[in-house]
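Below is one structure, written out as structure tokens; the observations come after it.
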């Protein structure tokens, strides 16, 4: 039997599961009852997030599909006049929609691989600074944001370069999503005590302290400043799993009104 209770001391609602068995006595003895009460609050929250995720995923996938369909239908009107100025705009809109759909599907596939332990890493030695210089081309091309890179230029690590770049891209995408009015995003890399740390700093509204412990949880979607943003809530979770797989650490430092710094560390040599 599962039911919710209100905490006597803190007033918080928690979910519990009670199980028990009644032992019938005979005419000379009383009946006995034994059982257990288990706190299943975390399990219930995970189930709720999963249900919310399915609803969100349907919406997030439907939106770009609808946009893509609309662009193609309009483009069909100009099939005999491909020089029309609207053609380029419609193709750009279609490409943007396809890119978003591809990103959502990649997140779903990566989450499945992570959950099933199939997230394989291809280790190789590479210059971390040079990788950071060339990543996030989709942000650089928009010219709205300046990616400012600072740190040592001669740090070589052994890791899966594509996966580490994926983490950095997730951090930068997060900075753009939650701080759209900023114009600079700072990326730094430094080496300390056999580890290398990469940080991505934005100048947005910051993250409330009560939300930080859940920021890397699967399906978690933050609503900073009371605003709900689009996305599946998988990017940071996938990033955390990639870094853990590399035997590294991941975290965020944030203060309301002062922006956020997402960071991860990696061993300089493969563990």
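What are the residues in the range 27-62 that are closer than 30 Å to residue 91 by Cβ and either modelled with pLDDT of 75 or more or surrounded by 15 or more Cβ atoms within 10 Å (Cβ to Cβ) (or both), if any?
As a first pass, look at the range 27-62 and keep what is closer than 30 Å to residue 91 by Cβ: 56-62.
56, 57, 60, 61, listed by residue number.
Scan the range 242-259 for residues that are farther than 18 Å from residue 181 by Cβ and not in a strand (DSSP E or B) and report the count.
Number satisfying all stated conditions: 7.
Here 93, 183 are screened, and the one residue that is loosely packed, with under 13 Cβ neighbours inside 10 Å and at pLDDT 80 or above is 183. The test for being under 30 Å from residue 163 (Cβ atoms), exposed (fewer than 11 other Cβ atoms within 10 Å of the Cβ) and modelled with pLDDT of 80 or more does not hold for residue 79.
The values are calculated or read from the model by the stated rules, or taken from the named source; none is laboratory data. Keep in mind that what you see is a predicted model, and the values were worked out from it rather than measured. Counting neighbours? That spans all protein chains shown, and the Cβs are built from the backbone with ideal geometry, glycine included.
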